[in-house]
1. Cα-based Rg of segment 118-268 per 2.2 N^0.38 Å, rounded to two decimals?
2. Hand me the GluC sites (Glu not before Pro) from segment 83-135 located in a DSSP loop with no more than 16 other Cβ atoms within 10 Å, in residue order please.
3. Once you treat every alpha carbon in segment 73-151 as an equal point and sum by Debye, what is log10 I(q)/I(0) at q = 0.12, 0.13, 0.14, 0.20 Å⁻¹?
4. If contacts are Cα pairs under 8 angstrom and at least 6 residues apart, what is the relative contact order of segment 157-223 in percent?
5. Need one value: the accessible area of residue 153 in square angstrom, 1.4 angstrom probe, rounded to the nearest 10.
6. Relative to the compact-globule scaling 2.2 N^0.38 Å, provide the ratio for the alpha-carbon radius of gyration of segment 105-164.
7. Tell me the net charge near residue 182. Cut-off is 10 Å between Cβ atoms, residue 182 excluded, with +1 for each Lys or Arg and -1 for each Asp or Glu.
8. What percent does the relative contact order of segment 113-213 come to when contacts are Cα pairs within less than 8 Å and at least six residues apart?
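The values are calculated or read from the model by the stated rules, or taken from the named source; none is laboratory data. The structure presented is a predicted model; accordingly, all values stated were derived computationally and were not measured. Quick reminder, even Gly has a Cβ in these numbers, built from the backbone with ideal geometry, and neighbours come from all protein chains shown. Note: accessible area is taken over every heavy atom of the protein model, side chains too, but ligands, DNA and RNA are not part of it. Shrake-Rupley method; radii C 1.70, N 1.55, O 1.52, S 1.80 Å.
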Amino acid sequence: MKKIFLIIAAFAVTVSCEKEIDLDLENESGKIVIEGNITDKAGPYIVKITKSVSFTSANEYPAVEGAQVTLSDNAGNSEVLQYVGGGNYQSSTITGEPGRTYTLKVNAEGNEYVAQSTMPQPVDFEGLLQDSFVVGGETSYTLLPVFTDPPALGNRYLFSFTVNNNPKKFFSEFSDNVNNGMLNQRPLLLPNDDSDPGDIKVVPGDIIYVEMQCIDDKVYTFYSALLQLSGSGPGGGITPANPPSNISNGALGYFSAHTSEKLSAVIQ
């Protein structure tokens, strides 16, 4: 299977569920891959459009140029994004507002792809609490995101984090199915394996940069499947496949309208 690194970023509670997004996808060369985000922070916002490649190809994903990319909301705002190179299409006027539903339309190579995402109301990201545990003489670290889930059931969260200036992103998806209306008790397990080149082992003095996103249900489903599929392999019990995109017409990828809050912590 060809590995595609989705630049989406970034985790559940157990060791097996916390990993870099490095996903074995089915061997589907030439399919449109769309990665789009709009947040409650100031733009511009980027929609990236590329092509998938076969497992026999290099890790280079061809940019899709000449597409018409339109971003609109249910308040009557709409704009056509401008191509800025590298498969990236950039907004200039539209704004992200919690509670609004956003529609992404992409016309590329004679096909139309459509996605919708509703931006949830923000939940306050109050802090990060550090803890650690020792297994086999090795110390591993965790960070507990401090936030209180709203009373209404159905809130979904995505956490992403990076270590120091390393661009590698890790992620975790949370739901409130267990702790609805309660203070969060689910930590982020920080990486503790540098046995291979490019791996990361968190040690005291490292800075962890964490982003908390409030996401809608379809985006949560995409990330939840992505997390499970990235753990596939011998003994994993899951056949590698493509996660369920919220984009129509067979496109790979996702479109997410979400809130965003960022905090950092220095490991002690």
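1. Dividing the Cα radius of gyration by 2.2 N^0.38 Å gives 1.11.
2. 109, 126
3. At q = 0.12, 0.13, 0.14, 0.20 Å⁻¹ the computed log10 ratios are -0.65, -0.70, -0.74, -0.97.
4. It rounds to 46 percent for segment 157-223.
5. 120
6. 1.86
7. Charge balance in the 10 Å sphere: -2.
8. 28
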